[in-house]
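Below is one structure, written out as C-alpha cells; the observations come after it.
The values are calculated or read from the model by the stated rules, or taken from the named source; none is laboratory data. Being a predicted model, the structure only gives us computed values, none of them experimental. Heads up, the Cβs are rebuilt from the backbone with ideal geometry, glycines too, and the neighbour counts pull from every protein chain shown.
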Amino acid sequence: MPLSITECIDADQELREFMSGMGYVLCDLGHIPDNELASDAEVCAGLLPLKHVYRGTDPEILLQTILPRLTDGTHLEEQVIRYMIRLFPAITSELLTRVARRVKPHREGELISLAAKEWLRQGEEAGFARGEELGFLKGEERGVAKAKIDSILVTLETRFGSVPSDMEAQVRRSATELLDDLFKRALTVASLELVFTSDNRH
C-alpha cells in the first residue's frame, strides 16, 4: 500500500523531489472502538462511515450515531451524508426520514435534500452510462450495416463494372434486415437490372 503521493503516480525524478514531503499516515480503524476514534464529535462522525462501510453494520444504527455529532449546515455534514448514501445503498429516503425525525427533527427536510442531491447524481450517472451503452450498440449496428453495403457495392462493381448512382443510392437506403439477401443477389443475379426486383423494392 503506497504511503505517499509520489508512490501513487508515475512521476519523473524531478517531480518526485518536489513532492518528497507529501506522505500520509495509513491507519486501520477496524480495531479502534467507535467511541475512541476521535475526541472531537465531528471528526468521529466523519470516521465512523469509513470504518463501517464494508463491515455490514446496520445503516440505521450508524446514522443514528452519526447525525447528532454533525454540526447543522456544514460542508462536513453534506459530505458525510452524501458519502453514506453512495456507499450504503440500504439507506433509503424512508430510513433517513425515520432516523432524522428521531435524532434531528429540525433538520429532516435539509437532510433529505442533501441525500436527494446524491441520489440525483447517481441517477444521472446511471442514465449517462446507459446512454453510452445504447450509443455504442447503435454505432456498432451502423458499422456492420455500412460494411455490408460496401460489400454489396464492391461485388456489383466487380461483376458488372460501374454502378449507376441511382442504384448505389438505392443500395445505401436499403433496410438493414434486407442487406444479407441483397448481398446474395449481388453475387448471383445475371445483370444489374435484376438486383432490385419488384418484390424487393422498398
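Summary of values
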| read-out | value |
| --- | --- |
| Output for the stretch 165-197, where each listed residue is surrounded by 11 or more Cβ atoms within 10 Å (Cβ to Cβ) and assigned to a loop (DSSP other than H, G, I, E, B) | Ser174, Val189, Val195, Phe196 |
| Total residues in the stretch 156-183, condition in contact with a Phe, Trp or Tyr (Cβ under 7 Å, 6 or more places away or on another chain) and modelled with pLDDT under 90 | 0 |
| Entirely in the stretch 53-123, the helices (runs of 4 or more DSSP H) that have 2 or more residues that are over 26 Å from Asp40 (Cβ atoms) | 93-103 |
| Residue in the stretch 85-103 that is modelled with pLDDT of 90 or more, over 17 Å from the mean Cα position of the chain (by Cα), on the phi > 0 side of the Ramachandran plot and not basic (Lys, Arg) present | no |
| Tabulated pairs, the stretch 72-83, first over 21 Å from Pro105 (Cβ atoms), second at pLDDT 90 or above and not small (Gly, Ala, Ser), C-beta under 6 angstrom, 6+ apart or interchain | Tyr83/Pro49 |
| From the options Ala186, Ala116, Ala145, residue that is within 30 Å of Tyr83 (Cα to Cα) and either touching a Gly at 6+ places or on another chain (Cβ under 8 Å) or at pLDDT 80 or above (or both) | Ala116 |
